[in-house]
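Report on the following structure.
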Amino acid sequence: MTGRSAVTVRVPAKVNVQLAVGGARADGFHDLANVFLAVGLYDEVTAAPAESLRVTAAGPDVDRIPLDRTNLAARAAELLAARYGLAPDVHLHIAKDIPVAGGMAGGSADAAGALVACDALWGTGASRDELLAICAELGSDVPFSLVGGVALGRGRGELLTPLEVGGTFHWVFAVADGGLSTPAVYREFDRLNEGVSVPEPVASGALVEALAAGDAVALAGAVSNDLQAAAVSLRPSLVDTLEAGGGAGALAALVSGSGPTTAFLAKDADAAAGVAAALMASGTCRVARVAAGPVPGATVV
């Protein structure tokens, strides 16, 4: 133990500016070309000494997250402790601000935050590669939550290659009522593509160039999400939200990850504020949040 009374880690949400999905693999996962961009909506995970592993949470919709050992943050603490022969005696408090079950990797963010917080609290001194290996064991999106910035995820999303980015991109996120199960969305993707030859997923060259140039207009022309049709099939009301944001002047509108949060790329901060106001006035979403990115991954504060 380091003797620290508590460690707090801030960890961002993500948007998938490209989510190319291959056919189902033998293990049930899908190969991906998944371009992540971290945005400035954050959860904070605080780790403090305790007599046993305990998870608490505060913030919007926390009644919809587990507070037992099935929480990814708790699993992160257990995996790190087991690797170093420690008892996972820690109180993890999650201050939620990332939408729950919204396709923005909130649970993955909490896992990465807990991993970094426990590493600092316990003084385990784990290397970045060790932490990334634990992240990959926890879930496909967890490694990116640790790293942040912009990166291409291959495999099932856990094999990361950082990408160049030449500027800041402004986003609006429209949060829907309720969530969508990521496994259910992938099952619907498989159903919709039954009998179809699904191509191998590859990163878009135009998208990579737009990111490097910091060109929002070019990026808008290149964003894509192969899970969008499946998410809309399960939640048809998302069409109204996408149309409302597009009609309000967003450069691009797409479902964020597996949804049901929808993401809108705006020209600049003022344009983003206008899109958010229009979305709220449209009545097609519960709340609209403005955020910019890229931002760093899990960071001790």
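In table form, for the structure just shown:
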| item | result |
| --- | --- |
| Pairwise Cα inverse-distance average, inverted: Kirkwood Rh of region 40-118 (Å) | 12.3 Å |
| Helix 269-282 axis, angle to the chain major axis (alpha carbon atoms, nearest 10°) | 80 degrees |
| Estimated translational D of the chain in µm²/s (Stokes, Kirkwood radius over Cα pairs; 20 °C; 1.002 mPa s) | 111 µm²/s |
| For region 107-261, convex hull volume per residue from C-alpha positions, Å³ | 140 Å³ |
| Equivalent-ellipsoid semi-axes of region 169-293, from the Cα gyration tensor, Å, largest first | 24, 20, 10 |
| Calculated on alpha-carbon atoms, Rg and Dmax of region 57-166 in Å | 13.9, 44 |
| Cα-Cα pairs of region 132-196 separated by more than 17 Å (percent) | 62 percent |
| GNM top mover of ILE98, ILE134, ILE65 - the chain, alpha-carbon springs below 10 Å | ILE65 |
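Just so you know, all these numbers are worked out from the coordinates, no wet-lab data involved. Keep in mind that this is a model prediction, so the values were computed, not measured.
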